[in-house]
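Colleague: Got a structure for you, questions after.
The values are calculated or read from the model by the stated rules, or taken from the named source; none is laboratory data. Here the structure is a predicted model, which means the values were calculated and not measured. All Cβ positions, even for glycine, are placed from backbone atoms using ideal geometry, and neighbour counts span all protein chains on display. Accessible surface areas use protein heavy atoms only, side chains included; no ligands, DNA or RNA. Shrake-Rupley method; radii C 1.70, N 1.55, O 1.52, S 1.80 Å.
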Amino acid sequence: MGIKALQNEIGRRLKHLRLEKELSQEAVAFEVEISRDHLSNIENGKHPINIKTLYKLAEFFGVEMKYFF
């Protein structure tokens with residue numbers, strides 16, 4: 001799996017979690033201390049995610065980081 005495909009998969013799984021919990025991008029972004037635009041770009045595979053943000057998101061959603069892979 002290439003880096004772009006991995007970015008897309010992480011974004012797809014992140015968006016799935018967010019929608020499953022009926023949360024807005026604004027609410028999630030606020031909780032993990034990133035901008036809504038940044039979260040949108042991650043969800044759409046347009047921006048790579050750093051390990052710190054991935055950790056915060058996993059913690060926020062109550063999943064292990066490996067869920068995103």
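Colleague: Just to verify a result, which residue in segment 41-69, among those that are in a helix (DSSP H, G or I) and of a type in the set (D, E, K, R), is surrounded by the fewest Cβ atoms within 10 Å (Cβ to Cβ)?
Modeller: Applying the filter and picking the extreme gives 66.
Colleague: Of the conditions (1) open to solvent by less than 70 Å² (accessible area, probe 1.4 Å); (2) in a helix (DSSP H, G or I); (3) of a type in the set (A, V, I, L, M), residue 19 fails just one. Which one is it?
Modeller: Going through the list (1) open to solvent by less than 70 Å² (accessible area, probe 1.4 Å); (2) in a helix (DSSP H, G or I); (3) of a type in the set (A, V, I, L, M), residue 19 breaks only (1).
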